1. Quick one: among C:26, C:34, C:55, which has the greatest mean-square fluctuation in a GNM of chain C with alpha-carbon springs under 10 angstrom?
2. Roughly how crowded by other chains is peptide B:26-39, in terms of the mean Cβ count from those chains within 10 Å of each of its Cβ atoms?
3. Can you tell me the mean projection area, over all orientations, of the convex hull of the range B:290-446's alpha carbons? Units nm², please.
4. In the full protein assembly as shown, how much of residue B:685 is accessible to a 1.4 Å probe, in Å² to the nearest 10?
5. Would you work out the Kirkwood radius for the range B:477-623? I mean one over the mean of 1/r across all pairs of different Cα atoms, in Å.
6. Determine the percent antiparallel among the DSSP beta bridges restricted to chain B, to the nearest 5.
7. Ignoring ligands, DNA and RNA, what percent of the accessible area of the range C:5-80 is carbon or sulfur (1.4 Å)?
8. Find the accessible area per residue for the range C:89-158; the probe is 1.4 Å, ligands and nucleic acids are left out, and the unit is Å².
Amino acid sequence: MQLTYAHTFLLPREIVWELIQNEDVLKHSIPGCKSFTQLEDGSYDVEMGLSVGPVKGVFTGHVQMTDHQEPSYYCLKVKGKGAPGEVDAVAHMHLDEAENGVTLNCRMEVVVTGVLASVGQRVMGGVAKLVLGQFFKSADTEMRKLTSQV
Amino acid sequence: MASLIGSAVKRKEDPRLLTGNGCFTDDMKLPGMVYASFLRSPHAHAKIARLVVDKASQLPGVIAVFTGQDLADKMTSVPAMWFLPGCDLKPKDRPALAVDKVRYAGEAIAVVVAKDRYIAQDALDLIEVDYEVLPAVVQQEKAMQEGSSLLHDDVPNNLALLWKAGDIPDQVFEEAEVVVKERLYNQRVIPNPMETRGAVAQYNPGGGELTLWCTSQNPHIHRLIYANVLGIPETKLRIIAPDVGGGFGAKIATYTEEAVVACIAREVKKPVKWIEERKEHFMATSHGRDEVLEVELAGTKDGKITALRVTNTANLGAYLSTFGAGCPTIDFGLMVTGAYAIPQAAVVTYGVYTNTTPTDAYRGAGKPEATYQIERAIDLFASKIRMDPVEVRRINFVPKESFPFGNAMGVTYDSGNYQLTLDKALELFDYQAFRNEQEEQRKKGKYLGVGFSTYVELCGFGPSAVAGAIGFQGGVWENSTVRVHPRGTVSVFTGTSPHGQGTATTFAQIVAEKLGIPIEDVELVHGDTQSVSMGWGTYGSRATAVGGAAVSIATDRVIEKARRIAAHELETTLDQVEFINGQFTVKGDLTRCRTFQEIAKSANYAWNLPEGVEPSLEGQSFFDPSNFVYPFGTHICVVEVDEHTGEIEIKRYVAVDDVGRVINPLLAEGQVHGGIAQGVGQALWEGAVYTDQGQLMSGTFMDYTMPKARFFPPIESAFTETLSPVNPLGAKGVGETGTTAAPPAVVNAVMDALQPFGIHNLDMPLTPEKVWRAIRSGRDNG
Amino acid sequence: MANQVEVSIKVNGVDSKAEIEPRMLLVHFLREELNLTGTHIGCDTSQCGACTVLLDGDPVKSCTVLAVQANGKSITTVEGLANQEELHPIQQSFWEKHGLQCGFCTPGVMIAAVGLLGENPDPSEEEIRDALEGVICRCTGYQFIVDAIKHAAQIMAGEEKVAMADSLKVEEVR
C-alpha cells in the first residue's frame, strides 16, 4: 500500500532537518510510543501501542534512518511486529523549502500481514493518515518547544 | 393415515433447537476443562527462524504451550484421503503444527492451553517468533511457471497432480463448423457455516480412551484418520459429532487442530476445548473451488454439439486436503458434458500447490464447476450461432428413452427426463412473455436478462468398488440398525451424521411409514462412533440415497422377522400373513391379527418364538449402491442490470428440480432455497481475495459478502419425480442442486442483459464495479 | 489478572449476580457463567447476529456488549422465549414453516424477529427481509424464515397458541 502525507513546519529547514531526527522529539511525537531506545549502530528500538479499527495491539519494532542527503532527503525504514501482524514500511522523507518554512513530504510504501491485513487493511489508509497527522502535529509542537527554549 | 413418505412433516429435531436446548460443540462443558488457542502465521510463505514460548508458558493461568517440535513424537501430520491414481499425485500432508516453514497465512505454529480462553489469548501475544519471509505464490497458473517460488522442495513447478481423461484429436476442432472457446474462472469461495469448527477432547489415563467431540460431517472418517495420526487403535478413539451448525463440505475434511486438541488433552490430562474464531475460520478451514476452466466446444451451425474439451487449472492451496485431489478431477471431469449427449469429451486437470488455504469440497464439489463451464459454453455457442439458448439445450439433451445413459466420460446416468423439468420450468416462467417484456424494457433503457441452467449432478457416492478404483481411501456404503424395543418404539442407528439436513425426521418418516407406527415412536441415533457401527459421511447429497436406503432395507428386515413371529402366533403360514398399517393379519380374516407393538413384545420377551427364530427384533443393513445417482433440473433466473451503477437485481428465480423420490417436500424445498442462496452468492457477491503476498483480504464478514435476506426475491420452487433405480427409495439427493445450478443461471442472465453492450463473459462474482466497468468499456474481462 | 467486578443482571426474569472480569462480554457471561448456551457465537465482528438477545426489550448483539454494561438491566435469551408449556409464537412458526436447518443462527434470528414484531406487528415481506439485515443464515436462503415471521405475526394478532407437547402433525402433501 502506498501512502503520502505532507506537513509544513514554520521553521528553518536546517532546524527541522535536525529535530525531525532528534531522539527526544521522536519519542514524544510517535503516537502511543512506550519506549524509544537508540542502538549502537544509530538505529532505534521502538515499542508502541496502536489501534487500527477493530485491531489493537502493542507493536515492537526497529527504526532506521539512511541515505541522508542533508538537508533535503532521508529514508526511514520501519519494521514492526505485534500480535495482530507485522508491518514493513519504507518512507521517503523529502524536506522541501516552503514559504516561511519547510514542507516535509512523506511517501511511504507499507506492507502488512496477519489480522492487520485481513481485518485492518480496509481502514488502514485512513488510520495511517491519522497516525501520521498526530505524529507531525506533535513533532511540530515539540520542535517549537525546543526552539523557543534555545 | 396419510402417507408419511412425501409429506411435509415438521422436524423432530426442532423443539430442542428452537428452545436453546441444542448441544453444539461449544456448548460442551466438562469438569476441569481448559482452553486451547492457536498461534497462526501472519505470513503466507516464510521460514520460522526463531520460536520462543517461555513468556507465554510463564503467564499465570497457562497450563502448557506446544510447538510443532513438542508434538513431533506425539502425533503425525494429517494426510489426505483421496489418492487419485494415474496422475502422478504428490500428496503433501498438513503438518500438526508447522515446524520449519509456514506455507499459508493462518497456518498454526503453536498452541496454548490455559484455564480460560481469555488467558489463552493473552498468552498468544507473548509468544516470540521471527520469520524469514519467502516470496509467495498465490495464483495457480503463475505458481506453475518455471522459476516460481516452491512450496515443497520435491514438487517441481508446484504441480501436485496432472490428470487426463479422454482424448480428442485437434482435427475435430479444426474441422468443426463452429467452435466456442472461453476462459472461465470459478472463483475461490469460503464455506462459512454459521458454526465454526471446534473440538472438545477428553482423555482417560486409566484405560487410554480418548473421546473427541467435534464439528464433523463424518465422525467415522475422523476416527479412521485421527486414530492413525494419534497412534492409537480405533477402539480407543471415540468421535462424537453433537449438533453440527452447518458444514457445506468444510466439515468433511480432517484438519490438524482437532487432532492437536485430542493430542494435548492426552498430554495435560484434562479435557481441552478449542473453538475456532470466525477470523480463524476464514484462514484455517478449507476453501472451495478456485479453478481456471478453459473450455472449447465444437458444434454444428444447426445447434448440435459434437465435442467438448476442458482444461482445469485448480488451486489446491498449500497442502493436499482430505478430498482435495478428487474435486477438480473425478467430481468435475466426469460431469463436464452435463445433461447433453455430446459424443466426445476430454479433460485435463492441473492441481497446483500455492501459498493459500487448502481447498476441498464445497457444496457440490466439482459438479458446480462442471455445470458452470458447460452451461456457460452452451449460451456462448447459442449466441454464436444465433439460436435461442433453450433450443440449443433441447436439441442436445440426453433423450429420456436413452437411460441408463453412458456419457462421453464413462459414467452411466441412472435415470432422467431433462425435457420434463425444462417444460415445467418454462410453464411456470412464461418465456415468450418475458422476451416481449425484455424487448419493451430495453427501449426504455432498462436491461433485463434471463439465464437458464439445465444441470445434472453426480451424487450419492457410490459403489465402494468405484471408490477403490479412483483411489479413495475408504468405502462409500452406509449402514443402519433398526432396533425395536419391547413396547414397540424404535431406535434407528444410522451412519449418516447430519448437520442441518433434518435426517432425524426424514429417516424416521421412512421407518414409521414402513412399520405403520407413529413417527413419535421413532428416534434416530447418529453421530457417535461408539453407538453406530460405521458411516462414511454426509456429503455429495448421499444421505437419503445411501443412508436412507440402508434404513429402508433394515426396516424391511425387521418386518420380515416380525412376520415370521406373527405367523407363528396366528398359527398360519408366512405367505398368509399381511402387514398393513402396523397390523399383521391373516389374509381374508381381519379378526386374526397382531399389532406391531404386540409382536415387538413377543420378540423381545421371547416366551414363544417359532423354531429357529432368535430373540429380539432388530434389522440391519449395509447398503453399497450399484451406481451413483444423478439429480437434475432446470433453473431460470431473471435479472435487471442497472446500466449506471452496475448493480444487479434478481427479479425472479424459478427452480424445477428432480431429485427422485421426495421424502419430505418441506425439507427438500428448504435444501433447494439454501443451495440457491449459496449459488447466487457465488455468482454475485462471494469471493476470497488474496494479495500477491498471500494475505487474505476478505477475512471477515465485513469484507466477505454473505448473502442476506434482502438480496433475494421469493424463490419459486417445484419438483418432478423421476425415480432412481439404484436404491429402494428411488431417491437421488437434493442438497447440492442450488449451488450447482444457480451460478450459471445467474451469470447467463446477466450476460443476456448485457448483450446490447457487446459483453459475453464476466467472471464471478459479478460485483457492481465489475459490471459497471464492463458496460463503460464495452469489453469482457481479461 | 484483572480485577473482578460484581454485576447483577436480570436474565429471563431471574436475578443473576456474579463476580466477573470487567472485559467479559455479555455473550460469554450468558454462556459461561449462567450456562445459557442457546445464545451462540458465530463471528467476531458483530456481523452474524447469532448472539442477538433482548436488552430491556431491544435486540442487541451480545458479543458487542460487555456484561458490565448490562448491569442492572434485563435480558431475554432464547431460553426465555417460551414458558413451561407453550412455545412462543415465533418458535412455533419457525417449526411449522421450516425456518431453521442447522439451528445455529436460529436463536439470534428469532430474537431479531421478536424485536421486529414488537415494533411492527404486521410487517410486509420487504420489511421482514430488511429487518433481517443484522443476521446471517447460511442454510435456509431466508425464504422460510420470512414465511415463519409472517406466520408468527398472524398468530400474535390472533393469540393462537400451540402446546409445546403438540405432536408432529402430518400435513397434506402440497
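1. C:34
2. 1
3. Seen from a random direction, the Cα hull of the range B:290-446 projects 11.5 nm² on average.
4. Ignoring ligands and nucleic acids, residue B:685 comes out at about 60 Å².
5. Details: mean 1/r = 0.0646 Å⁻¹.
Taking every pair of different Cα atoms in the range B:477-623, averaging 1/r and inverting gives 15.5 Å.
6. Expressed as a percentage, antiparallel bridges in chain B total about 80.
7. C and S atoms contribute 48 percent here.
8. Using a 1.4 Å probe on heavy atoms only, each residue of the range C:89-158 averages 28 Å².
The values are calculated or read from the model by the stated rules, or taken from the named source; none is laboratory data. Here the structure is a predicted model, which means the values were calculated and not measured. FYI the Cβ positions are ideal-geometry reconstructions off the backbone, even for glycines, and counts take in every protein chain you see. The area values use the complete protein model at the heavy-atom level, side chains included, leaving out ligands, DNA and RNA. Shrake-Rupley method; radii C 1.70, N 1.55, O 1.52, S 1.80 Å.
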